[in-house]
Amino acid sequence: MRYGRNRRDGSGAYGSGAHGTSDGGIGKTGDGGIGETGDGGARGSGAGRRAGSGPRGRGVPVALALAGCGVLLTAGCSSSGGVPAGAGGSPPGSPPGTASPGPSGTARDPWAPPARGSVTVSGEVAKGLESPWGVAPLPGGDLLVASRDKGTISRVRTDTGAVTQIGRVPGVAPGGEGGLLGLALSPTFASDRLVYAYFTTESDNRIARMRYDEQRQAGQQLGAPDTVLRGIPKGVVHNGGRIAFGPDRMLYAGTGESGDTALAQDRKSLGGKILRMTPDGQPVHGNPEADSVVYSYGHRNVQGLAWDKDKRLWAAEFGQNTWDELNLIEPGGNYGWPEVEGKAGRAGFRDPVAVWKPDEASPSGIAWAQGSVWMAGLKGERLWRIPLKGAVPVAEPEAFLQGKYGRLRTVVSLGGDRLLLVTSETDGRGSPEAGDDRMLTLTVR
């Protein structure tokens with residue numbers, strides 16, 4: 001089975017793992033697939049995992065203690081305060097009283113996390129999920145989770161592990177890497193009850209919002225979708241899909257170039273970009289171009305967005321044959337694709353802060369906790385820790401849970417030293433076992 005290998009003294013804590021510093025590519029044709037161009041394809045035989053019936057030492061589902069918007073969430077932040085919804089505001093990278101790091105990545109933060117960390121799997125919240133993708137924590141601790149292939153949103157009770165469908169998103173056309181992808185809650189969810197979703201239709205990728213009415217019958221609790229933004233290019237691969245509300249209460253979206261590499265450098269296209277918009281889908285004051293939602297460009301396939309404690313925006317994306325990337329995002333930055341991949345040191349392009357060989361990563365969701373960015377790997381089947389002092393790594397990336405739970409899709413900060421991790425074995429590229437897919441809670445350092 002996948003679980004419990006290399007555990008120390010039965011404690012469930014994992015020490016440091018492989019580092020992503022090897023040179024050279026692996027000659028593959030896409031984001032980690034075998035003869036694919038997709039988002040981290042299966043390794044075929046499930047190498048590195050033992051056959052078995054389930055994890056050792058699994059306990060009852062654990063309740064998640066979420067504290068509103070004090071939690072920085074990969075799936076979105078719904079806290080109060082900051083810039084009013086729908087208004088402009090300075091982009092996160094330049095918050096009041098915080099120096100924005102320049103292209104060199106210098107920072108003023110005197111504190112740094114330890115070079116070596118640890119991960120303990122502290123509980124299983126839910127199991128038996130089908131193609132889970134986006135996750136949005138609700139006030140009080142329960143979770144909303146999107147099923148990419150079913151086009152449904154379900155509520156997960158974190159005290160019992162019960163999973164109840166709240167509704168289906170109309171117009172979702174799953175196929176390849178497309179379907180119902182990212183979720184986020186409105187910054188004013190307590191009053192408006194709006195759930196935002198990024199999804200693939202027959203003609204495009206788009207973002208819509210729906211009112212969540214818990215008083216209605218289960219399965220019919222989502223109102224009609226109100227489209228916020230349409231026209232994001234779609235494809236069998238590279239649909240991006242992560243959405244999140246930032247510290248400025250603006251909506252951010254990571255998109256892919258849908259397999260058409262030229263779109264990433266086309267400033268008029270929404271493909272291969274990070275987008276920043278008001279909750280109504282309008283361009284925001286402080287964007288590079290006043291009439292555009294494009295915030296950064298030159299991306300291949302962005303699937304991870306997170307902010308650190310100083311409100312810097314980080315993004316993870318798939319490379320092609322050589323390097324996957326973790327990038328520090330600056331307004332108007334050109335991140336190189338398809339002209340460069342990885343650290344090129346070329347004028348006019350932003351180099352990534354960290355890179356990996358795609359078979360070690362093929363990254364999806366990211367989260368910030370304990371001074372580090374934590375990055376879920378699909379083909380790499382591991383959780384990466386990137387410890388940072390400000391915007392500068394203090395040590396090489398560190399790998400945890402390698403091969404223990406298969407493909408890893410989404411990671412969400414629950415505040416303090418706690419993370420939520422979602423597996424992705426039922427997405428058509430994994431080797432699902434009984435109980436897949438799962439939501440796990442982690443304690444990290």
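The values are calculated or read from the model by the stated rules, or taken from the named source; none is laboratory data. Note that this is a predicted model, so its numbers are computed, not measured. Reconstructed Cβ throughout: ideal geometry from the backbone, glycine too, with neighbour counts over all protein chains shown. These accessible areas exclude ligands, DNA and RNA; they are computed on the full protein's heavy atoms, side chains included. Shrake-Rupley method; radii C 1.70, N 1.55, O 1.52, S 1.80 Å.
Observations
- Across the stretch 280-293, coupling constants 3J(HN,Hα) worked out from phi with the 6.51/-1.76/1.60 Karplus curve, θ = phi - 60°, read 8, x, 9, x, 10, 4, x, 5, x, 10, 4, 9, 10, 8 Hz, and Gly and Pro carry x.
- For the stretch 214-305, the fraction of C-alpha pairs more than 19 angstrom apart is 43%.
- Efficiency of FRET between Arg211 and Asp266 - r from beta-carbon atoms, R0 51 angstrom, step 0.05: 0.90
- Protection proxy ranking of 172-181, 257-266, 360-369, 422-431 - average other beta-carbon atoms within 10 Å, highest first: 360-369, 422-431, 172-181, 257-266
- Rounded to whole Å, sorted largest first: equivalent-ellipsoid semi-axes of the stretch 299-406, Cα gyration tensor: 20, 17, 11
- Surface accessible to a 1.4 Å probe, Thr255 within the full protein complex, Å²: 0 Å²
- Extension reserve of the Ala190-Ala115 stretch, reckoned as 0.36 nm per residue once the Cα distance is removed: 23.1 nm
- Volume per residue that the Cα convex hull of the stretch 156-312 spans, once the total is divided by residue count, Å³: 128 Å³
- Computed magnitude of the charge dipole of the stretch 247-383 (debye, nearest 20; Cβ of K, R +1, Cβ of D, E -1): 220 debye
- Equivalent ellipsoid of the stretch 393-445: semi-axes from √(5λ) of the C-alpha gyration tensor, largest first, are 23, 14, 9 Å.
- Fraction of accessible area attributable to carbon and sulfur, the stretch 302-424 (%, probe 1.4 Å): 41 percent
- Here the peptides 129-136, 235-242 are ranked by packing, the mean other Cβ count within 10 Å, and the order with the highest first is 235-242, 129-136.
- The stretch 270-316-the stretch 195-251 distance, computed between alpha-carbon centres (Å): 16 Å
- The dipole here belongs to the stretch 352-399: it is taken about the Cα centre, uses +1 on the Cβ of Lys and Arg and -1 on the Cβ of Asp and Glu, and is about 100 debye.
- For the stretch 395-402, 3J(HN,Hα) per residue [Karplus equation, 6.51 cos²θ - 1.76 cosθ + 1.60, θ = phi - 60°, Hz, x = Gly/Pro]: 7, 5, x, 10, 9, 9, 6, 4
- Taking amide H as placed 1.01 Å from N in the peptide plane, Ile166 has its amide H under 5 Å from the amide H of Ile153, Ser154, Arg155, Gly219, each at least 5 places away in sequence or on another chain.
- Karplus-derived 3J(HN,Hα), 6.51/-1.76/1.60, for each residue of the stretch 305-316, Hz, glycine and proline x: 9, 7, 10, 8, 5, 9, 6, 6, 8, 10, 9, 10
- Computed with a 1.4 Å probe over protein heavy atoms only, the accessible area of Trp307 comes to about 10 Å².
- Label separation (Val392 vs Lys343): 1.3 nm, computed from points 7 Å beyond Cα along the C-beta direction.
- Cβ-placed point charges (K, R +1; D, E -1), dipole of the stretch 133-243 about Cα centre in debye, nearest 20: 80 debye
- For the stretch 261-352, accessible area per residue (1.4 Å probe, heavy atoms of protein chains only), Å²: 33 Å²
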